[in-house]
Structure formats: C-alpha cells, structure tokens
C-alpha cells in the first residue's frame, strides 16, 4: 500500500504549493485578498493532512494532538484578538514559525550527534543556517511583540551596542561552523543559546517608527528558515512554502524599507534606532469644536481623511465610513490617504477600512495623494502621528528624518482628532499639530467622529 501512498503525498504537496502561490498572488489586491487567504489556508490543510500519510511516520498520536491543540489555541485567540492587537499577534505567530524551524534544526542536529550519523555536508550546513535564522526570528519577533504591546521600552540602547551585537553574531556563526564539523552536543547547545541571544540584541535598539520593517524582515527570515529545514527533512511542502514566504517577505521588506527611506543594508545590519534628539517645537496646539469642523467640511470641495493607529484603538472605522457617506451625499469629494507604514504593520489601515466597507477606489497611497494636498480644503487626521510629521523633512536630528510622509501640512486646513497631547510611537513631537493651519479636535476617535456626523446632518438639514 505504501507504494502508492508516497506519490499521492507528493502530488498533494504539489497541489498545496499551487494553492500557496495562488493565494499569495490574490493577496496582492484588496479585492481578492480575502479569497487569497482562504486559498492559502486550504493549501495548508491539504499539506497537513497529506503529511499524516507519509510512509514510516511515527508518533501519529502526538502529532494529531499537537495539531488539535494548535488549531484550538489559534482559533480562540484569532476570534478574541482585537484589531488593534493584530500587529502583536502577527509578530508573535511569525516568531512561532521561526521557532518551529529552529526546533526542527535542533532535533535533527541532536539526532545526528546521538547516532553518530554523517549526513551530507549540504544538509548539515542548511540545518545550521536554518536554525540560526529561525532562532533569530523567534526571539526577535517576541521582542517586537513586547514593544508593540507596550511591555518593553520602544528603544533600548547602551554604549558600544552595535559592536557587542556584531561580536555575539560572529560567535553564533563560529559555533555554527563548529557544529557542522563536530556535531558535539555542548557546541550545539551553545550555538542555539547564542543564536537566540542575537535575535534579542538585534531587536532591542529598534525604535517604534521602524517596527513595520522589522515585522516584514522577520517574516522573510522565518520563510527562509522553514525552506532550509524542509531540505533537511526532504519535505517538498516545507521547501516550497518556505521559499514562497521568504520571497514574499523579502519583497515586502524592500517595499517597507523604501517607504521608510532606508536601505536594505541598514535594515539587515541593525542601524535601526540610530537617531538624535528632535529639535524643540515652538507654539501651541489650537483646539476646535466639532460644530466648527462640521461646518468647515460641509462646505469643502475636497476632503482627505488620514487614518492612523488611533483610529484602530478606538475602533472608529465604521463611524468614519458613515462620516464619509454623509460628505459624499453633500457632493464633497472624499479620499483616504494611506501611508505604507501607517499603524503597526504593513496594510493595517487597509484592513480596517475594508472591514468597514470603504470602497477601494476611495483609498489612495502616499505617492498618489501627496500632490493633491495643496488643493485639499480639509484634511482630517484621525490618530495618525509619525507618518504626517513634517520634521521628517525639516529636522536632520529627528529619528524619522528622511522618512517619506503624507504632506498633510500642505492642506488649506488640517483637523487632527487625538485623545491628548502625547507623542506618537516614535516618541517625538509632531510639528503638524502646531502648524498655523492645524486645529486639534481632542477626544476619542469614535466619539469625535460620531459627533461630526451628527453636526454634519444638522447643517442645512443634512443635504
């Protein structure tokens, strides 16, 4: 019977790989992204079920138990997690993927050591490289999760940090090389401890403004680790899935680095968080009442809405869409401006707006919308901070200097909905809030937008 099982499993892996690739392809467009996730999920189900039929597979009961427990935990946590906590969940789950790859490498290396086996040099090297990358992705993603969740300081630095990090990384490589040539258990254990430490040390100095790039980078590393360990296990599904995720993550990292105006080299070699102190901003924030904002928007010709993390925290996306519909009925031209790294992860704002039912043709990216700000009557900034901060263009000492931003400051009038006078995730003051043409509407985003909707409906009978 096993004679035909193996070809069937291999064919199932091929089908799963096609579903992975087509799923990621469909995720490239907001219109088809939901079905893309479903296709990729179906591919994962096919690959998982097929694996149970591999000839000679042992510990089926434990494997089934692990799959069951993982499915239950993921289902419950996925249902309960708030949209605002989605970046943390993505970072954590991505780290678990890297940790799984590292665990596979550890098991295989220790098995080779115990049995005195002499696998191919290629398999040994890939096992070590995959373990190194997976370990870095695991601990780095956990630190990223802790920063995103507010459990760690956004930036942790100490004198000589970069040199110390480089030294630890070189030690990990040296222990990895010794593992390949010796397969001695103390060396293997030391290699994994050092590799895990690299992920922690690499991520600690990273500032909040760079976190989307970090998540993308670790996503790519997890994919590569899975692919390498797939080769060690001679498992085609892991190889293909890992390569697809690694390639997609690498491309996303490049896009995010470009959006942050950083080179890939600066991302890979840890120049995150290397910034001075931002210049002091003079002036005062000028408050405004909701009724005045409503009147201003009611008679505007063009309105641009800029959503940010504050919108996600307040779960205000549905109210914002209601506000948009009221404005559209009055003949006001409304568009949404999305920065590539708005929120806490790539695509965060797009997901929120799609959830609320905002049509895709109303959403514009940074390059398309920036030329329109000078002719925009009112820009409504809801919870966005660093991605609209003009110091990114004016203050070389700022941590976000050089990062492309939404040119909201060029609008005729800017209204900022914000809970208070605190700073953004990068921890710096926003010069936009002090600009002559900016007014601050303080309060919870959902409540403030609801008030704007009510005031707009009362203007001239809500035309």
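If we keep just the residues of the range 366-415 that are free of Cβ contacts under 8 Å to residues at least 60 places away in the same chain, within 26 Å of residue 292 (Cα to Cα) and within 25 Å of the chain's Cα centre (by Cα), which is surrounded by the fewest Cβ atoms within 10 Å (Cβ to Cβ)?
370
If we only count helices (runs of 4 or more DSSP H) wholly inside the range 141-250, which ones have 2 or more residues that are crowded, with 23+ Cβ neighbours inside 10 Å and within 19 Å of the chain's Cα centre (by Cα)? Give the steps one after another, and end with the answer.
On the way: elements: 161-182, 185-203, 211-233.
Passing ranges, in order: 185-203, 211-233.
Confirm whether residue 19 is outside the structural domain of residue 251 (by TED's automatic domain parsing), over 18 Å from residue 242 (Cα atoms), part of a helix (DSSP H, G or I) and in contact with a helix residue (DSSP H, G or I) (Cβ under 8 Å, 6 or more places away or on another chain).
For residue 19, the condition - outside the structural domain of residue 251 (by TED's automatic domain parsing), over 18 Å from residue 242 (Cα atoms), part of a helix (DSSP H, G or I) and in contact with a helix residue (DSSP H, G or I) (Cβ under 8 Å, 6 or more places away or on another chain) - is not met.
Quick one: in the range 338-359, of everything that is at pLDDT 85 or above and not in a helix (DSSP H, G or I), which residue is surrounded by the most Cβ atoms within 10 Å (Cβ to Cβ)?
338
Can you tell which of 6, 22, 96, 65 is free of Cβ contacts under 8 Å to residues at least 60 places away in the same chain and loosely packed, with under 12 Cβ neighbours inside 10 Å?
Of 6, 22, 96, 65, the one residue that is free of Cβ contacts under 8 Å to residues at least 60 places away in the same chain and loosely packed, with under 12 Cβ neighbours inside 10 Å is 65.
Of all residues being surrounded by fewer than 13 Cβ atoms within 10 Å (Cβ to Cβ) and without any contact (Cβ under 8 Å) to a residue 24 or more places away in the chain in the range 27-37, which is nearest to the chain's Cα centre (by Cα)? Just the residue, please.
The residue in question is 28.
I'm told residue 335 meets every condition in (1) over 22 Å from residue 454 (Cβ atoms); (2) more than 15 Å from the chain's Cα centre (by Cα); (3) part of a helix (DSSP H, G or I) except one. Can you identify the failing condition by its number?
Of the numbered conditions (1) over 22 Å from residue 454 (Cβ atoms); (2) more than 15 Å from the chain's Cα centre (by Cα); (3) part of a helix (DSSP H, G or I), the odd one out for residue 335 is (3).
Return only the number of the condition from (1) in contact with a strand residue (DSSP E or B) (Cβ under 7 Å, 6 or more places away or on another chain); (2) surrounded by fewer than 19 Cβ atoms within 10 Å (Cβ to Cβ) that residue 436 does not satisfy.
(1)
Under the condition of being surrounded by fewer than 23 Cβ atoms within 10 Å (Cβ to Cβ) and not in a loop (DSSP other than H, G, I, E, B), which residue from the range 311-322 is nearest to the chain's Cα centre (by Cα)?
If we filter the range 311-322 for residues that are surrounded by fewer than 23 Cβ atoms within 10 Å (Cβ to Cβ), which is where we start, we get 313-315, 318-319, 321-322.
Checking the rest, the ones that are also not in a loop (DSSP other than H, G, I, E, B) come to 313-314, 318-319, 321-322.
Details: 313: 16, 314: 20, 318: 23, 319: 25, 321: 24, 322: 28 Å.
Per the stated criteria, the residue is 313.
Hey, does the range 48-69 have a residue that's under 30 Å from residue 362 (Cβ atoms) and either in a helix (DSSP H, G or I) or under 21 Å from the mean Cα position of the chain (by Cα) (or both)? So that I can check it myself, show each step before the final result.
Filtering the range 48-69 down to residues under 30 Å from residue 362 (Cβ atoms) leaves none.
No, the range 48-69 has no match at all.
Name the pairs: first residue in the range 282-303 and farther than 23 Å from residue 370 by Cα and outside the structural domain of residue 325 (by TED's automatic domain parsing), second residue at pLDDT below 90 and part of a loop (DSSP other than H, G, I, E, B), Cβ to Cβ under 8 Å, at least 6 apart or on different chains?
Pairs that qualify, where the first residue is farther than 23 Å from residue 370 by Cα and outside the structural domain of residue 325 (by TED's automatic domain parsing) and the partner is at pLDDT below 90 and part of a loop (DSSP other than H, G, I, E, B), are 285/421.
Answer with yes or no whether residue 351 is touching a residue at least 60 places away in the same chain (Cβ under 8 Å), outside the structural domain of residue 141 (by TED's automatic domain parsing) and under 17 Å from the mean Cα position of the chain (by Cα). Give the derivation first.
Numbers: touching a residue at least 60 places away in the same chain (Cβ under 8 Å): yes; outside the structural domain of residue 141 (by TED's automatic domain parsing): yes; under 17 Å from the mean Cα position of the chain (by Cα): yes.
Yes: the conditions hold for residue 351.
Does the range 295-314 contain any residue that is out of contact with any helix residue (DSSP H, G or I) (no Cβ under 9 Å at 6 or more places or on another chain) and under 16 Å from residue 416 (Cα atoms)?
yes
Would you confirm, using the coordinates I've provided, whether residue 306 is surrounded by 21 or more Cβ atoms within 10 Å (Cβ to Cβ), under 17 Å from residue 137 (Cα atoms) and at pLDDT 70 or above?
So residue 306 fails the test.
Report yes if some residue within the range 75-91 is in contact with a helix residue (DSSP H, G or I) (Cβ under 9 Å, 6 or more places away or on another chain), modelled with pLDDT of 90 or more and in a helix (DSSP H, G or I); otherwise report no.
Scanning the range 75-91, I find no residue that is in contact with a helix residue (DSSP H, G or I) (Cβ under 9 Å, 6 or more places away or on another chain), modelled with pLDDT of 90 or more and in a helix (DSSP H, G or I), so the answer is no.
The values are calculated or read from the model by the stated rules, or taken from the named source; none is laboratory data. What you see is a predicted model; the values in this text were computed from it and never measured. Heads up, the Cβs are rebuilt from the backbone with ideal geometry, glycines too, and the neighbour counts pull from every protein chain shown.
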